[in-house]
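Enquirer: One structure follows; several queries about it will come next.
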């Protein structure tokens, strides 16, 4: 197979112009015990917030679409830029089961790469989820490049110019890496996404179903800058690992060989809902055209986090969205979404 890279494709950074954001509508009530009745309206709120800045494309069964349109209307979404597609899913985490889009800057063509998704190392049913990239490719008439390796969108961050940041606790976890040809996996990332170098940190957040996705920990916000979480509470079980991550981040180098600017973003206080301890992070924000949508948790630290993020995105409106009930299922705004470049 001629690779995307050979054909001139690369994976753009999240801050580059976007055609749309993809979401997968909730349908599995068991994932939100005792709270599912709150979830559809919360998704509508999120979709409505995106619709004020760009197009929203939603994977949702045909039978549910009339109710989805009603909820979107109640949330005051711009329905003229929302498209619903009959693509059934097992779960809502479009960041991980959705495609990783690539773009050819010379021709303007956008294509997609299709990686395996098996519910974060087999933790959850994902047979429908794993079909989503192929369905999107067929629906949009896009070129599709398929790879036999597990690679979740929430597990990687890219600069758009050849650097990819990820965590050892995800990519090298035995639940994903056992029996894998590591050299072939790294080559697939290099060829599929036009990556020159993989940058690594080690530790994830406690209670994270994904085993430690990078989008809860450290985010590229420019080609030379990383926003990284810090745990100020030394008694927290996350403190030691986060400190180790920071040391590694401070040692990393940009494409030009300089150190990255590291902008520290305090973690929220941990909390529990629906009988489980949850992994909140302000780093799970979504960058869209002219805005940044930020998860907040009804805590004193919300305002501080919004201010830190706003300072780094002076040309974008920063919007907080309460994600406490969403987090019951394990993630927040970035986890729920996947951007399609323009």
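The values are calculated or read from the model by the stated rules, or taken from the named source; none is laboratory data. Quick caveat: nothing in here was measured; it's all calculated off a predicted structure. All Cβ positions, even for glycine, are placed from backbone atoms using ideal geometry, and neighbour counts span all protein chains on display.
Enquirer: Are there any pairs with C-beta distances below 8 angstrom linking a residue in the stretch 72-90 that is free of Cβ contacts under 8 Å to residues at least 40 places away in the same chain to a residue that is assigned to a strand (DSSP E or B) and surrounded by fewer than 16 Cβ atoms within 10 Å (Cβ to Cβ), with the two at least 6 apart or on different chains, and if so which?
Expert: Hits for this filter: zero, empty list.
Enquirer: Same structure, new question: Check every one of the helices (runs of 4 or more DSSP H) wholly within the stretch 228-342 and list those with 3 or more residues that are farther than 22 Å from residue 41 by Cα.
Expert: On the way: elements: 239-251, 301-312, 333-336.
The helices (runs of 4 or more DSSP H) meeting that bar are 239-251, 301-312.
Enquirer: Looking only at the stretch 102-157, which residues are surrounded by fewer than 22 Cβ atoms within 10 Å (Cβ to Cβ), at negative phi and assigned to a helix (DSSP H, G or I)?
Expert: Residues satisfying the conditions are 130, 131, 134, 135, 137, 138, 139, 140.
Enquirer: Hey, among 15, 22, 32, which residue is farther than 21 Å from residue 341 by Cα, touching a residue at least 24 places away in the same chain (Cβ under 8 Å) and either surrounded by 17 or more Cβ atoms within 10 Å (Cβ to Cβ) or touching a strand residue (DSSP E or B) at 6+ places or on another chain (Cβ under 9 Å) (or both)? Outline the logic, then answer.
Expert: On the way: 15 fails: farther than 21 Å from residue 341 by Cα; 22 fails: farther than 21 Å from residue 341 by Cα.
Criteria check complete, one pass: 32.
Enquirer: Could you look through the stretch 160-171, keep only residues that are in contact with a helix residue (DSSP H, G or I) (Cβ under 7 Å, 6 or more places away or on another chain) and not in a helix (DSSP H, G or I), and pick out the one that is farthest from residue 1 (Cα to Cα)?
Expert: Filtering first and then ranking leaves 167.
Enquirer: Got a number for residues in the stretch 92-101 being closer than 19 Å to residue 342 by Cα and in a helix (DSSP H, G or I)?
Expert: 2
Residue-by-condition table, conditions (1) in contact with a helix residue (DSSP H, G or I) (Cβ under 7 Å, 6 or more places away or on another chain); (2) assigned to a loop (DSSP other than H, G, I, E, B):
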position: 4; (1), (2): yes, yes
position: 14; (1), (2): no, yes
position: 22; (1), (2): yes, no
position: 33; (1), (2): no, yes
position: 43; (1), (2): no, no
position: 57; (1), (2): no, no
position: 64; (1), (2): no, no
position: 67; (1), (2): no, no
position: 77; (1), (2): yes, yes
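Enquirer: Would you check which residues across the stretch 190-206 are more than 15 Å from residue 168 (Cα to Cα) and either modelled with pLDDT under 95 or not in a loop (DSSP other than H, G, I, E, B) (or both) and list them? Spell out how you get there, then give the answer.
Expert: Of the stretch 190-206, the ones more than 15 Å from residue 168 (Cα to Cα) are 190-196.
Listed by number, the residues that qualify are 190, 191, 192, 193.
Enquirer: Given the options 207, 215, 191, name the one that is surrounded by 21 or more Cβ atoms within 10 Å (Cβ to Cβ) and under 19 Å from residue 152 (Cβ atoms). Walk me through how you get there before you give the answer.
Expert: Details: 207 fails: surrounded by 21 or more Cβ atoms within 10 Å (Cβ to Cβ); 191 fails: surrounded by 21 or more Cβ atoms within 10 Å (Cβ to Cβ).
Among 207, 215, 191, only 215 is surrounded by 21 or more Cβ atoms within 10 Å (Cβ to Cβ) and under 19 Å from residue 152 (Cβ atoms).
Enquirer: Quick check: anything in the stretch 176-187 under 17 Å from residue 151 (Cβ atoms), surrounded by 21 or more Cβ atoms within 10 Å (Cβ to Cβ), modelled with pLDDT of 95 or more and in contact with a helix residue (DSSP H, G or I) (Cβ under 7 Å, 6 or more places away or on another chain)?
Expert: Checking the stretch 176-187: at least one residue is under 17 Å from residue 151 (Cβ atoms), surrounded by 21 or more Cβ atoms within 10 Å (Cβ to Cβ), modelled with pLDDT of 95 or more and in contact with a helix residue (DSSP H, G or I) (Cβ under 7 Å, 6 or more places away or on another chain).
Enquirer: Could I ask something else about it? So, in the stretch 265-275, of the ones that are out of contact with any helix residue (DSSP H, G or I) (no Cβ under 8 Å at 6 or more places or on another chain) and surrounded by 13 or more Cβ atoms within 10 Å (Cβ to Cβ), which residue ends up nearest to residue 224 (Cα to Cα)?
Expert: Within the stretch 265-275, the first condition is being out of contact with any helix residue (DSSP H, G or I) (no Cβ under 8 Å at 6 or more places or on another chain), and the residues that meet it are 270-272, 275.
Narrowing further to those that are surrounded by 13 or more Cβ atoms within 10 Å (Cβ to Cβ): 270-271.
Details: 270: 30, 271: 33 Å.
Ranking the qualifying residues of the stretch 265-275, first place goes to 270.
Enquirer: Being in contact (Cβ under 8 Å) with a residue 40 or more places away in the chain and not in a helix (DSSP H, G or I) is the filter here, so list the residues in the stretch 172-183 that pass it.
Expert: 173
Enquirer: Answer yes if at least one residue in the stretch 37-48 is surrounded by fewer than 20 Cβ atoms within 10 Å (Cβ to Cβ) and farther than 21 Å from residue 274 by Cα, and no otherwise.
Expert: Yes, the conditions are met somewhere in the stretch 37-48.
Enquirer: Now, a different point. Tally the residues that are in contact (Cβ under 8 Å) with a residue 60 or more places away in the chain and within 19 Å of residue 331 (Cα to Cα), restricting the search to the stretch 184-236.
Expert: 16
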